[in-house]
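Notes for the one structure printed next.
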Amino acid sequence: MSSLHRAPTTPAGISTRSVHSGAMPESHTGSVVAPIFQTSTFVMDTPGDTRAGFDYARTGTPNRSDLEDALCELENASFAAAVNSGTSAEVAVFSALLGPGDEIIIPRDVYGGTFRLLKNEYERWGVRIRTVDLTDTETLAAAISDRTAIVWVETPSNPGLDIVDIEAAAKLAHAANAVLAVDSTFATPILQRPLDLGADLVIHSTTKFINGHSDVIGGAVLAGDGTSCPRAAEVTERLETHLASVGLGVSPFDAWLARRGIKTLPLRMERHCQNAQVVAEWLEGRDEIAEVIYPGLPSHPGHEVAKRQMSGFGGVVSLRTDTEARALALVANTKLIALAESLGGVESLIDHPATMTHLAVADSELSISGTFIRLSVGLEDIDDILADLAQALAATTKGADGIGSGAAGNDHAPSAARPVLIG
Ligand SMILES: *Cc1c(COP(=O)(O)O)cnc(C)c1O
């Protein structure tokens, strides 16, 4: 797209592509790293005659193109739009493709913010929402109809880590002339490439693993070239028109940061997966833990599908404690692992979805038990992560009622009065 970009070289491995796709070196000064083009507009030599295809920054910028090119290369996509949040990527898909009377099928363990967005902003325009257990292909086959415009898959899902068979879902969606969109935030293109499995669209919250350093809010929507997607051309054109009209594009600085994050994405995902597997196996042996949910455990119902469609199981481990009081005490007592919304950063984070990230679904069929905890396993030394979990679990069994108060911990117990924030 931009004159900064070198012609694609011979097919390279995913780590090489993560480092090299896009503008390196920049042609004007030889800067090894792309500069940040902090501008709202671009000079033309004669009306409409731009220097590098950029005219006005709502519709595109060099840094946004850089990020989009890198994402395309990693996902084997031919279209990418880098936008200002994962939720904006969803807005683009829903607004571009849904109209009154259309139905969207969403998974029972959909990200809480996706559910809230559809419920609050799209239902009143006549969009019908149907919640289905997509881990069961038969259930999807029974639910899909000629009213279905989009089948929305999230795999692994947030926070339940459900695994959906993308290839099977794509076949069913296409048979009904519906679009299959996959929120692949937890997997990243390093571990899973839904377009290669037949999906029409891939959605990412780049806020999470892709940027990976907890300092950007961003998102992306990607599409393939139509090899396996009958409606690719039409879908991509609708998205482009919508995005240019609305202006959801990510800012130059945030695009630059996310592009930088991608350079270490393969390396980070490798360590996230390693650490998460060790944490999951360690937690499985603990009496206080009623259930450990991680696609890398043979006990996970989606383990076989995950092995088939992913090259690693991701950096998030979820668990259920024996009691809700213990869950609250545990998240209040970790010291190294911060209690915070969001995930996918270099630092480990712990979340109590029922009172934090997924408060928006509390009164719906998607509500999450108070015993449930989501752990984003970071890149710290594994011994330090385990030691922190061990001391926090030990603290939950002190206290008069058998459950620690959390007073000895990092003083950040969630309160029901906090605002509804989702991450
Ligand atoms: C965080 C998240 C989103 C929303 O992304 P934002 O960047 O916070 O808008 C969507 N889907 C999943 C699975 C997420 O984890």
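The values are calculated or read from the model by the stated rules, or taken from the named source; none is laboratory data. What you see is a predicted model, and the numbers here were worked out from it, not measured in a lab. Backbone-built Cβ (ideal geometry, glycine too); neighbour counts: all protein chains shown.
Within the stretch 389-407, restricting attention to residues that are over 31 Å from the mean Cα position of the chain (by Cα) and surrounded by fewer than 16 Cβ atoms within 10 Å (Cβ to Cβ), which residue is modelled with the highest pLDDT?
Looking at the filtered set, the residue picked out is A394.
What are the residues in the stretch 84-114 that are touching a Ser or Thr at 6+ places or on another chain (Cβ under 7 Å) and in a helix (DSSP H, G or I), if any?
Within the stretch 84-114, G86, E90, G112, G113 qualify.
Residues T16, T29, T39, T46: which one is assigned to a loop (DSSP other than H, G, I, E, B), farther than 14 Å from P252 by Cα and modelled with pLDDT of 90 or more?
Numbers: T16 fails: assigned to a loop (DSSP other than H, G, I, E, B); T29 fails: modelled with pLDDT of 90 or more; T39 fails: farther than 14 Å from P252 by Cα.
When all the criteria are applied, what remains is T46.
Quick check on L330: is it part of a loop (DSSP other than H, G, I, E, B), more than 22 Å from the chain's Cα centre (by Cα) and closer than 19 Å to L393 by Cα? Give the steps one after another, and end with the answer.
Details: part of a loop (DSSP other than H, G, I, E, B): no; more than 22 Å from the chain's Cα centre (by Cα): yes; closer than 19 Å to L393 by Cα: yes.
Answer is no for this residue.
Would it be correct to say that L386 is assigned by TED's automatic domain parsing to the domain that holds G285 and under 20 Å from the mean Cα position of the chain (by Cα)? Reasoning before the result, please.
Numbers: assigned by TED's automatic domain parsing to the domain that holds G285: yes; under 20 Å from the mean Cα position of the chain (by Cα): no.
No, not satisfied.
Using the structure shown, decide if V305 is part of a helix (DSSP H, G or I) and on the phi < 0 side of the Ramachandran plot. Before the answer, list the steps.
Details: part of a helix (DSSP H, G or I): yes; on the phi < 0 side of the Ramachandran plot: yes.
So V305 passes the test.
Using the structure shown, decide if I190 is within 21 Å of S15 (Cα to Cα), crowded, with 24+ Cβ neighbours inside 10 Å and within 11 Å of the ligand (Cβ to nearest atom).
Values: within 21 Å of S15 (Cα to Cα): yes; crowded, with 24+ Cβ neighbours inside 10 Å: yes; within 11 Å of the ligand (Cβ to nearest atom): no.
Against the criterion (within 21 Å of S15 (Cα to Cα), crowded, with 24+ Cβ neighbours inside 10 Å and within 11 Å of the ligand (Cβ to nearest atom)), I190 does not qualify.
Would you check if there is a residue in the stretch 243-257 being of a type in the set (A, V, I, L, M, F, W, C), assigned to a helix (DSSP H, G or I) and in the same structural domain as A387 (by TED's automatic domain parsing)?
Of all residues in the stretch 243-257, those of a type in the set (A, V, I, L, M, F, W, C) come to 243-244, 246, 248, 250, 253, 255-257.
Right, trim to assigned to a helix (DSSP H, G or I) and you get 243-244, 246, 253, 255-257.
Pick out the ones that are also in the same structural domain as A387 (by TED's automatic domain parsing) and you get none.
No, because not a single residue in the stretch 243-257 is of a type in the set (A, V, I, L, M, F, W, C), assigned to a helix (DSSP H, G or I) and in the same structural domain as A387 (by TED's automatic domain parsing).
Could you count how many residues in the stretch 43-76 are more than 16 Å from the ligand (Cβ to nearest atom), surrounded by 24 or more Cβ atoms within 10 Å (Cβ to Cβ) and of a type in the set (A, V, I, L, M)?
1
Taking the stretch 182-196 on its own, how many of its residues are of a type in the set (A, V, I, L, M) and closer than 19 Å to D136 by Cβ? Explain how you work it out, then say what you get.
Pass one, the stretch 182-196, residues of a type in the set (A, V, I, L, M): 182, 187, 190-191, 195.
Among the residues that remain, those that are also closer than 19 Å to D136 by Cβ are: 182.
Qualifying residue count for the region: 1.
Considering each of T206, T114, T185 in turn, give the residue that is over 25 Å from C273 (Cα atoms), near the ligand (Cβ under 10 Å from one of its atoms), touching a residue at least 60 places away in the same chain (Cβ under 8 Å) and crowded, with 21+ Cβ neighbours inside 10 Å.
Details: T206 fails: over 25 Å from C273 (Cα atoms); T185 fails: over 25 Å from C273 (Cα atoms).
The unique qualifying residue is T114.
Could we say that V305 is of a type in the set (V, I, T), in the same structural domain as V32 (by TED's automatic domain parsing) and either away from the ligand (no atom under 16 Å from the Cβ) or surrounded by fewer than 22 Cβ atoms within 10 Å (Cβ to Cβ) (or both) here? Even if it seems obvious, please write down each step before you answer.
Details: of a type in the set (V, I, T): yes; in the same structural domain as V32 (by TED's automatic domain parsing): no; either away from the ligand (no atom under 16 Å from the Cβ) or surrounded by fewer than 22 Cβ atoms within 10 Å (Cβ to Cβ) (or both): yes.
Spelling it out, it is not the case that V305 is of a type in the set (V, I, T), in the same structural domain as V32 (by TED's automatic domain parsing) and either away from the ligand (no atom under 16 Å from the Cβ) or surrounded by fewer than 22 Cβ atoms within 10 Å (Cβ to Cβ) (or both).
So in the stretch 164-182, with the set limited to residues that are surrounded by 24 or more Cβ atoms within 10 Å (Cβ to Cβ) and part of a loop (DSSP other than H, G, I, E, B), which one is farthest from the ligand (Cβ to nearest atom)?
It comes out as A178.
Just name the residue that is surrounded by the fewest Cβ atoms within 10 Å (Cβ to Cβ) out of those in the stretch 209-224 that are assigned to a loop (DSSP other than H, G, I, E, B) and within 8 Å of the ligand (Cβ to nearest atom).
Of the residues in the stretch 209-224, the ones assigned to a loop (DSSP other than H, G, I, E, B) are 209-218, 224.
The next check asks that each one be within 8 Å of the ligand (Cβ to nearest atom); those that pass are 217-218.
Details: I217: 19, G218: 26.
Looking at the filtered set, the residue picked out is I217.
In this structure, does G226 turn out to be within 14 Å of A89 (Cα to Cα) and of a type in the set (G, A, S)?
Working: within 14 Å of A89 (Cα to Cα): no; of a type in the set (G, A, S): yes.
Considered against the rule, which asks whether it is within 14 Å of A89 (Cα to Cα) and of a type in the set (G, A, S), G226 comes out as no.
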